[in-house]
Every structure is written in C-alpha cells, then in structure tokens.
Amino acid sequence: MRTSRTYKLQLSEKGVDQFLACHCRLARMTREFISYGTTLHVAMSILDGCDPAEIVAELESPLCGALGGPSFRFVGTTSRLTNIVDRIASRLIESGECGGGVATWRLYNVALIMFQASEDRELQSAYRKAALITSQR
C-alpha cells in the first residue's frame, strides 16, 4: 500500500499567493518547518468539516475562480488525503447541492479559502490530526 502520493494544484498567481499565505500561517502557528503537503492536508480537513451548501457557494464565488489558473504545483502528502477528497465529493453529490462532479483542483482552491477563514483553534486541531496521520505512515 502506498503511504504517500503527489497531488496536483492548478493555481493562478493569486492562488499561489493564497497557498503560501496559508502555509506560512500554519508554520508560524505551529512553530514547525512543515511540508506543503501538510498545509494541503490541513486545508482539506477543514473543508471536510464544512456544510455542502457552504462548499458549493465558495465553488461558485469569484475568489475560487481567481485562485485557479494555468500554473500546476505538486505537493506530496499521505495517500489518506484521497479519502478526504472522495468523502467531500460524495457528500456534495449526495446533498443535491452540486449537479455533478467537481474538479479536485477546485476543491483544493475552496479549501484554501476556508483555511484563510478558519480560526486558529480549528487549524491547530486539524494540524494535530494531520500530524498524527502522517506519523502513522
């Protein structure tokens, strides 16, 4: 079983800036040198706790569109992130809020939006869970 894999983000310059802002915020908060994959994992964990209607609203927001772009970035993290992504996508479809499937890179962008809007205590809790999962690899 693969314990890690690479995930592809599709970002604009603004999206790269948003990702780096999230990464720096998390690193400062934890006082750790963290991987980019940890930042993505924490962002997706935050998104996993969001209501489907809230996710769909952000998918349709101008900010989500502005974060996406022609630049591809690859980050490595635990292969368990796939389970989170699949769970979010399934919840969106089951909720009826979303007509069909959603591109994974768009979910990543919404996760960055939700990350920025999250309180420090939420991020710390998601980070602790991500660190536990990563240590179990």
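The values are calculated or read from the model by the stated rules, or taken from the named source; none is laboratory data. Predicted model, so just to flag it, every value in this text is computed and none were measured. Here the Cβ positions follow ideal geometry from the backbone for every residue, glycine too, while neighbour counts run over all protein chains shown. The protein model used for the area step is the full one, side chains on, heavy atoms only, and it has no ligands, DNA or RNA in it. Shrake-Rupley method; radii C 1.70, N 1.55, O 1.52, S 1.80 Å.
Computed across the stretch 1-47, the Kirkwood radius stands at 11.6 Å (inverse of mean 1/r, all Cα pairs). For the stretch 107-112, the Karplus equation 6.51 cos²θ - 1.76 cosθ + 1.60, evaluated at θ = phi - 60°, returns couplings of 4, 4, 5, 5, 4, 5 Hz by residue, with Gly and Pro reported as x. Using the Cβ of GLU60 as centre and a radius below 12 Å, the other residues enclosed give a net charge of -2, where K and R count +1 and D and E count -1.
At the residue level, THR104 shows approximately 60 square angstrom of accessible surface with a 1.4 angstrom probe and all protein chains present.
What the chain shows is 53 Å² of accessible area per residue, with the surface traced by a 1.4 Å probe over protein heavy atoms.
With helices as the sole contributors, the chain gives -21000 deg cm²/dmol at 222 nm; each DSSP H run of n ≥ 4 counts as -39500 (n - 2.57), and the sum is divided by every residue.
Applying D = kT/(6 pi eta Rh) to the chain, where Rh is the Kirkwood radius over alpha-carbon pairs, T corresponds to 25 °C and eta to 0.890 mPa s, the Stokes-Einstein value obtained is 165 µm²/s.
Net charge dipole, the chain: roughly 740 debye, given to the nearest 20, about the Cα centre with Cβ charges of +1 for Lys and Arg and -1 for Asp and Glu.
Positive end of the dipole of the chain (Cβ unit charges, origin at the Cα centre): among PRO62, ILE46, THR30, the Cα lying farthest that way belongs to THR30. Of ARG73, ARG87, ARG31, the residue with the greatest mean-square motion in the GNM of the chain, using alpha carbon springs below 10 Å, is ARG31. Simple rule: put +1 on each Lys or Arg Cβ and -1 on each Asp or Glu Cβ in the stretch 97-137, find the dipole, and look at ILE113, ILE133, VAL102; the Cα lying farthest toward the positive end is ILE133.
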